Amino acid sequence: MMTWGVGMLTGVVPVIVVGLALIMGPTQMVARTVLRGLAGPVTARRWYRAATCGVIIGVIAALAVCFVMARAQVIDIALLSLLVLLGAIDWRWRWLPLEWTVAVIALALMGGMQTGTIGEVAIGMIIPGLSLLIMRQLLFWRSGQEPLGLGDVWLVTGLGGFLTPFASFAMIGFAALSGLIEVVLRRVFGSKHGQRFGVSYGTHLCAVFAISHYLWRFV
């Protein structure tokens with residue numbers, strides 16, 4: 001009975017969590033930005049509401065189908081959906097919405113419940129998240145400038161629940177390296193956009209995590 005209850009919790013609740021996160025979060029900003037890039041501003045203004053509804057309904061429907069056919073994969077698919085949105089909005093706006101980063105944390109905790117490793121998940125979240133927060137505060141006090149957004153700290157905390165502490169610090173390092181490469185490329189190609197708004201570190205975190213957590217399985 002307990003196993004069935006936990007299975008329902010880790011299957012149904014992720015659908016609810018992601019659905020609420022998409023409804024409460026800035027999903028329409030992502031939809032409008034993508035439409036604007038693909039079809040121009042006029043089309044974006046006309047269709048972004050419909051596109052937003054399509055994204056929300058599509059994600060929820062995909063998770064519902066996954067719940068029926070492969071319940072163990074619901075959390076992974078829900079996480080991937082959030083990573084795509086987080087990566088997109090941080091790339092364009094340098095912003096990681098709390099609604100979506102907290103949803104990542106919730107999915108990590110539910111994953112720990114699903115596998116019976118809630119203690120390890122909590123440790124995996126606390127160590128990198130707290131370390132990054134301390135580093136951020138020290139650099140802020142030293143320079144007087146914010147070197148890293150709190151959204152990045154929340155995101156690392158959530159993603160850490162799916163990794164070991166060592167893998168989390170490796171993710172942080174590789175994301176910083178790819179961010180440095182982005183800066184170099186922007187300077188080489190003369191992009192003023194990157195100089196005004198800085199590096200979308202959250203996008204690099206999402207990309208590095210996705211490569212290690214999803215693509216690495218097929219290598």
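Can you spot a residue in the stretch 82-102 that is touching a residue at least 40 places away in the same chain (Cβ under 8 Å) and small (Gly, Ala, Ser)? Scanning the stretch 82-102, I find at least one residue that is touching a residue at least 40 places away in the same chain (Cβ under 8 Å) and small (Gly, Ala, Ser), so the answer is yes.
Any residue at all in the stretch 206-213 that is touching a residue at least 40 places away in the same chain (Cβ under 8 Å), part of a helix (DSSP H, G or I) and hydroxyl-bearing (Ser, Thr, Tyr)? Yes. Considering the stretch 24-53, the residues that are out of contact with any helix residue (DSSP H, G or I) (no Cβ under 6 Å at 6 or more places or on another chain) and closer than 16 Å to Arg94 by Cα include one that is modelled with the lowest pLDDT, namely Val34. For the stretch 184-200, does any single residue satisfy the condition of being within 30 Å of Ala78 (Cβ to Cβ), small (Gly, Ala, Ser) and in a helix (DSSP H, G or I)? Scanning the stretch 184-200, I find no residue that is within 30 Å of Ala78 (Cβ to Cβ), small (Gly, Ala, Ser) and in a helix (DSSP H, G or I), so the answer is no. Count of the stretch 139-186 residues, restricted to those that are under 19 Å from the mean Cα position of the chain (by Cα) and polar (S, T, N, Q), is 4.
Residues in the stretch 148-174 that are among the small types (Gly, Ala, Ser) and under 16 Å from Leu107 (Cβ atoms): Gly158, Gly160, Gly161, Ser168.
Per-residue answers, yes or no, for (1) among the polar types (S, T, N, Q); (2) modelled with pLDDT of 95 or more; (3) surrounded by fewer than 18 Cβ atoms within 10 Å (Cβ to Cβ):
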{"position": "Val68", "(1), (2), (3)": "no, no, yes"}
{"position": "Val84", "(1), (2), (3)": "no, yes, yes"}
{"position": "Gly124", "(1), (2), (3)": "no, yes, no"}
{"position": "Phe140", "(1), (2), (3)": "no, no, yes"}
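Residue count for the stretch 14-29 under the criterion of being surrounded by fewer than 18 Cβ atoms within 10 Å (Cβ to Cβ) and of a type in the set (Val, Ile, Thr): the result is 2. Being more than 19 Å from Val84 (Cα to Cα), surrounded by 14 or more Cβ atoms within 10 Å (Cβ to Cβ) and in contact (Cβ under 8 Å) with a residue 24 or more places away in the chain is a property that Gly160 lacks.
Just one of (1) open to solvent by 80 Å² or more (accessible area, probe 1.4 Å); (2) farther than 15 Å from Trp91 by Cα fails for Ala170. It is (1). Only one entry in Leu86, Leu22 is more than 19 Å from Leu205 (Cβ to Cβ), in a helix (DSSP H, G or I) and within 16 Å of the chain's Cα centre (by Cα), namely Leu22. Only residues that are aromatic (Phe, Trp, Tyr) and either touching a Pro at 6+ places or on another chain (Cβ under 6 Å) or closer than 25 Å to Met113 by Cα (or both) were counted in the stretch 131-180, giving 4.
This table checks each residue for (1) in a helix (DSSP H, G or I); (2) over 15 Å from Val13 (Cα atoms); (3) of a type in the set (Ser, Thr, Tyr); (4) modelled with pLDDT of 95 or more.
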| residue | (1), (2), (3), (4) |
| --- | --- |
| Ala72 | yes, no, no, no |
| Asp76 | yes, no, no, no |
| Leu79 | yes, no, no, yes |
| Glu99 | yes, yes, no, yes |
| Ala106 | yes, no, no, yes |
| Gly111 | yes, no, no, no |
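The values are calculated or read from the model by the stated rules, or taken from the named source; none is laboratory data. Quick caveat: nothing in here was measured; it's all calculated off a predicted structure. Every residue, glycine as well, gets a Cβ built from its backbone with ideal geometry; the counts of neighbours run over all protein chains shown. Just so you know, the surface numbers come from the protein's heavy atoms only, side chains and all, with ligands and any DNA or RNA stripped out. Shrake-Rupley method; radii C 1.70, N 1.55, O 1.52, S 1.80 Å.
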